[in-house]
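Take a look at the structure set out below.
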Amino acid sequence: MASTVEDVETWCNTKHGNVDFYLTQLSGYGCFMEYLYKYSPDKAEMCSYCDSERENTKHVFFLWPQYETERKYLEPQIFERLTPENLVLHMLRSKQA
């Protein structure tokens, strides 16, 4: 079974990395408009950068042009395209990954 960000036990037992503010943003409970919209319906849930899709973890981390350089750097090192499904597995694999 693939590990997910929500798999707290796996994260707590890893020997490298720290669970911090930035890592928790990947859980879907981050400071993204889609999540904030649940608690403040007067705010728009659309992306504040491109205004074409809902602003959520997947949209920001995997689709934003702003992070294309980082994705292009990382993917050859992990030997595959980075996806929401394989992100956590790569993060837990080693400190370098």
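Selection of first residues in segment 15-26 that are under 18 Å from R93 (Cα atoms) and of a type in the set (A, V, I, L, M, F, W, C) and of second residues that are modelled with pLDDT under 75 and not in a loop (DSSP other than H, G, I, E, B), restricted to Cβ pairs under 6 Å at least 6 apart or on distinct chains, gives the following pairs, ordered by first then second residue: V19/W11.
Every residue in segment 36-60 that is in contact with a Leu (Cβ under 7 Å, 6 or more places away or on another chain) and surrounded by 14 or more Cβ atoms within 10 Å (Cβ to Cβ), please. Once the filter is applied, which keeps residues that are in contact with a Leu (Cβ under 7 Å, 6 or more places away or on another chain) and surrounded by 14 or more Cβ atoms within 10 Å (Cβ to Cβ), segment 36-60 yields only T57.
The values are calculated or read from the model by the stated rules, or taken from the named source; none is laboratory data. Predicted model only: the values in this text are computed from it and were never measured. Glycine also receives a Cβ, built like all others from the backbone with ideal geometry; neighbour counts cover every protein chain displayed.
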